[in-house]
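Report on the structure given below.
The values are calculated or read from the model by the stated rules, or taken from the named source; none is laboratory data. Keep in mind that this is a model prediction, so the values were computed, not measured. Note that we place each Cβ from the backbone using ideal geometry, even for glycine, and neighbour counts take in every protein chain shown.
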Amino acid sequence: MKKFWKPLLWAIIILILSGIPGQVVEPYVFWNADKLVHTVIYFGLTMFLLAAFNKLPSLSFFNQKAASIAMFISIFYGGLMEVLQATVFINRSGNLPDFAFNSAGAIVAAMTFSFWMKNGFLRKIIG
């Protein structure tokens, strides 16, 4: 569990940000900036998960199983946040486009991590 403190902290940050009432959030600097924010946040969650999985003996040195697990967790969590925004959080609304961008961030992160691992870039940093 010690290896997972970064993705857990990131998930808590996502939960807090997702629960902030809509009127408190500053207006975006450019059109659809929120979609970029969704993508970046879930890219980060997936990267933190993949880095933690990479430190587990059974999933070390990136494999497809680790990518699938990390993507599933991130996509599920992104869906859960959208449901909570639609049903629980005050002045928030969950929607399908946000979920799609959450998922896109997770998928791009897994692909990026895979590319970096295959090219030996991450082994020097997190290995």
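In the stretch 32-54, which residues are under 16 Å from residue 68 (Cα atoms) and among the polar types (S, T, N, Q)? Answer for the stretch 32-54, where residues must be under 16 Å from residue 68 (Cα atoms) and among the polar types (S, T, N, Q): 46, 54. Within the stretch 13-25, restricting attention to residues that are under 22 Å from the mean Cα position of the chain (by Cα) and exposed (fewer than 11 other Cβ atoms within 10 Å of the Cβ), the residue that is modelled with the highest pLDDT is 16.
Filtering the stretch 68-100 to residues that are under 14 Å from residue 21 (Cα atoms) and part of a helix (DSSP H, G or I) leaves 81, 82, 84, 85, 86, 87. Which members of the stretch 67-117 meet the condition of being more than 16 Å from residue 42 (Cα to Cα), crowded, with 18+ Cβ neighbours inside 10 Å and either free of Cβ contacts under 8 Å to residues at least 40 places away in the same chain or in contact with a Phe, Trp or Tyr (Cβ under 6 Å, 6 or more places away or on another chain) (or both)? Within the stretch 67-117, just 117 meets the criteria.
Residue pairs whose Cβ atoms lie under 8 Å apart, sitting 6 or more positions apart in sequence or on different chains, and linking a residue in the stretch 38-56 that is without any contact (Cβ under 8 Å) to a residue 24 or more places away in the chain and crowded, with 20+ Cβ neighbours inside 10 Å to a partner that is assigned to a helix (DSSP H, G or I) and not β-branched (Val, Ile, Thr), are 53/59; 53/66; 53/70.
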